[in-house]
Amino acid sequence: MRRQTASGINPAGSSRALRLDPLCLPVSFDAYDTRADGYVRQIELHRERVVLRRAVRGIRMAINVRVRDFRGVALRGIDDAQMLVLLHRDPSLTIPLCVSSDRDEIATAWQMWSEIFGLPQLPEDKAREPAARRRRRNAIRARRPKFLVRRRAGGLLNPANVYRGEHEMIARN
């Protein structure tokens, strides 16, 4: 298996163009990260997963994200060029794929990346709107069977059946 590597840091808006070949996966490259030590993170891009490696305040971490967890391949406009990104709900997990000022090259790359990953192409306006919040499940549902979740737990006693102030409950006669 041949591994493609791209060297150097390519922050958004840099004059140097970032071009990754979607047909030569897996690919490893460095990208700009404002939160990481040294402003660098290493990215390994595979067909099924993405591995992000970075250090924050001296603590090294590797984040493994499935490709299907990304929202899609988005197009963003920067200064005089356009950038393709693998868009995630968390902005710190968004991955740059291609930076170029040639519109035809961007359109071709956009379609290829979308087909390779099986993700939708998101135009610039769709990429900006936040994703719908995932519905959280009831915490007790994981612990109780489904039919018991519907039932009321710990039903109250009928106050008419509570006997107070009597010593015996059985009559002797």
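The values are calculated or read from the model by the stated rules, or taken from the named source; none is laboratory data. Source: prediction; values computed, not measured. Neighbour counts run over all protein chains shown; Cβ positions are idealised from the backbone, glycine included.
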Within the stretch 96-114, residues surrounded by fewer than 20 Cβ atoms within 10 Å (Cβ to Cβ) and under 27 Å from Arg53 (Cβ atoms) come out as Pro96, Ser100, Met112, Ser114
The one condition Glu44 fails out of (1) assigned to a helix (DSSP H, G or I); (2) acidic (Asp, Glu); (3) surrounded by 14 or more Cβ atoms within 10 Å (Cβ to Cβ) is (1)
Residues of the stretch 35-63 being within 20 Å of Leu23 (Cα to Cα) and of a type in the set (Lys, Arg), in sequence order, are Arg47, Arg49
**OP:** Report whether or not Val56 is buried (at least 16 other Cβ atoms within 10 Å of the Cβ), out of contact with any Phe, Trp or Tyr (no Cβ under 8 Å at 6 or more places or on another chain) and at pLDDT 90 or above.
**Re:** no
With criteria (1) in contact with a Cys (Cβ under 6 Å, 6 or more places away or on another chain); (2) buried (at least 20 other Cβ atoms within 10 Å of the Cβ); (3) farther than 16 Å from Leu122 by Cβ, Leu84 comes up short on (3)
When every residue in the stretch 33-55 that is of a type outside the set (A, V, I, L, M) and in contact (Cβ under 8 Å) with a residue 24 or more places away in the chain is compared, the one nearest to Ile95 (Cα to Cα) is Asp33
Please indicate, with yes or no, whether at least one residue in the stretch 57-72 is more than 15 Å from Trp110 (Cα to Cα), in contact (Cβ under 8 Å) with a residue 24 or more places away in the chain, part of a loop (DSSP other than H, G, I, E, B) and not hydrophobic (A, V, I, L, M, F, W, C). no
In the set Arg68, Arg41, the lone residue that is farther than 15 Å from Val85 by Cβ and either within 18 Å of the chain's Cα centre (by Cα) or at pLDDT 85 or above (or both) is Arg68
